[in-house]
Amino acid sequence: MAAHSRLPLLILLSLLAVVSAHNITDILAADPQYSDFNNFLTQTRLADEINTRQTITVLVLNNAAFSAVADKHPLSVVKNLLSLHILLDYFDNTKLHQITNGTTLSTTLYQTTGTANGNVGSVNITDLKGGKVGFGSAASGSKLDSTYTKSVKQIPHNISVIEISAPIIAPGILAAPPPSADLNITALIEKAGCKTFASLISTNGLVKTFQSTADKGLTIFAPNDEAFKARGVPDLSKLTNAEVVSLLQYHATAKYLPVGSLKTTKDAINTLASNGAGKYDFTVSSAGDSLTIHTGVDSSRIADTVLDATPLSIYSVDSVLLPPELFATSPSPAPAPEPASSPSPASAPTPAEAPSPLPASPPAPAGETPIGSPADAPSTAAERSTSAGKSDGVHVKASAVLTVTVTALSALLISTIM
């Protein structure tokens, strides 16, 4: 086949590869005996990591086998254990029984965390003959404590999900890191240049709330000190105590959200302030490595990662997050002085008497909006409606283009071969 005639085939195969993207949550949801394993993949945000990988194998455990170890350890330990069951290679039933020399070591997601020394982050896969395949830690002296049970789901060379009989336990992997109760959240926030926010959560009794929530998952978005000095920030002294507390709670969510999860999250994120009286939620958008929070009143860039240690994440943000439930529109800054009244035509000076022009005012600093200028952003409802419309449009347009492209290439390929 000529080189030019192979080109449509290569393009077609590339497009089909894009179409075959996987979703580990949906795959495991089809069988309730993997519900515990599936739920913890979601809680630890490892599901997001799996879904972004192009070649991967998940060694899944049924509820009985998984709960025997998961129920005894905190979320941070369970995350490490799950990471050891995610192989960065493709193994299906056929490949497992055709291993060169009968044994191989496979790198896991745990190895990428930087906490696995030597071969602790790898898994030993050995063909035991007689139809059995053993799994164990690749660390020296480890035993093959688990065996291949059955195949669950395969998308060839993309993702393979297979069930094994027991958890793979690497040396030291069940050792718990220091609990979040030992972390000084206030000190971490202060050190990151967010002293005003740290002082506010302390004086309003929120440190204990954050501390108790952190054990099960917490993400804090702390405005830096400059954010509280910015133009348009509301006067907190004019808010009730309950409103101040709600404003501060709005800067935290009872979920562990690492950067990878924030990039892939499409739904609105509830906060500690969310209750029956109001949503108190926000959305996050990404552009490359940049992340922006949208409240419906204002937006804020996520500036830096202060801490990312399962199950706690802390970020510094450039602006105070203003919930629509407290601020229907952006708070107005202090009123400007009244402008001088214009002279009546009768008293206007003649050209000869006109005073020299005043020097031009300096340009406004970048990012500030003059008082009285129209709002740049639509209202909350309009913004969400427009956003949803654009998103739907992109999906429809992309699907239509992909369908037409694949159809055209298929026709071209057939005509070329014939």
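The values are calculated or read from the model by the stated rules, or taken from the named source; none is laboratory data. All figures in this text were calculated on a predicted structure; none of them were measured in a lab. Cβ atoms come from the backbone with ideal geometry, glycine included; neighbour counts cover every protein chain shown. What goes into the accessible areas is simple: the full protein's heavy atoms, side chains included, and nothing from ligands, DNA or RNA. Shrake-Rupley method; radii C 1.70, N 1.55, O 1.52, S 1.80 Å.
Worth pointing out:
- DSSP-defined antiparallel bridges as percent of all bridges, the stretch 185-326, nearest 5: 75 percent
- Rounded, prolate or oblate (a/c below 1.5 giving rounded, otherwise prolate when a/b exceeds b/c) for the stretch 185-326 by Cα gyration tensor: rounded
- Residue 26 accessible area, 1.4 Å probe, all protein chains in place, Å² to nearest 10: 100 Å²
- Taking amide H atoms as placed 1.01 Å from N in the peptide plane, the amide H of residue 313 lies under 5 Å from those of 218, 219, 220, 257, each 5 or more residues away in sequence or on another chain.
- The protection proxy used here, the mean number of other Cβ atoms lying within 10 Å of each residue, ranks peptides 157-168, 237-248 as follows, highest first: 157-168, 237-248.
- Which listed pairs, of 191/279; 216/238; 216/279; 79/150; 79/279; 153/216, have C-alpha distances above 28 Å, in listed order: 191/279; 216/238; 79/279; 153/216
- Dipole check for the stretch 24-164: with +1 at the C-beta of Lys and Arg, -1 at the C-beta of Asp and Glu, and the Cα centre as origin, the magnitude is about 260 Debye.
- Test item: Cα-centred dipole of the stretch 185-326, Lys/Arg +1 and Asp/Glu -1 on Cβ, debye: 120 debye
- Carbon and sulfur %, accessible surface of the stretch 185-326 computed with the full protein complex present, 1.4 Å: 49 percent
- Residue 301 accessible area, 1.4 Å probe, all protein chains in place, Å² to nearest 10: 110 Å²
- Residue-by-residue Karplus 3J(HN,Hα) for the stretch 283-294, coefficients 6.51, -1.76, 1.60, Hz, glycine and proline x: 10, 10, 10, 10, 9, x, 8, 8, 10, 10, 9, 10
- Residues 295, 213, ordered by accessible area of protein heavy atoms at a 1.4 angstrom probe radius and largest first, appear as 213, 295.
- Rolling a 1.4 Å probe across all protein chains gives residue 306 an accessible area of roughly 40 Å².
- Amide H contacts of residue 128: 133, 134, each under 5 Å away and 5 or more positions distant or on a separate chain (H built 1.01 Å from N in the peptide plane; Pro and chain starts excluded).
- Across the stretch 236-242, rounded Karplus estimates of 3J(HN,Hα) from the backbone phi angles (6.51 cos²θ - 1.76 cosθ + 1.60, θ = phi - 60°) give 5, 5, 8, 8, 6, 4, 5 Hz, Gly and Pro being marked x.
- Cα extents of the stretch 161-265 along the three principal axes, largest first (Å): 61, 30, 25
- Karplus-derived 3J(HN,Hα) values for the stretch 204-214, using 6.51 cos²θ - 1.76 cosθ + 1.60 with θ = phi - 60°, are 9, x, 9, 4, 5, 4, 4, 5, 6, 6, 4 Hz; glycine and proline are entered as x.
- Shape analysis of the stretch 24-164 places it in the rounded category; the axes a ≥ b ≥ c from the Cα gyration tensor give an a/c below 1.5.
- Long-range HN-HN contacts of residue 291 with modeled amide H, under 5 Å: 302
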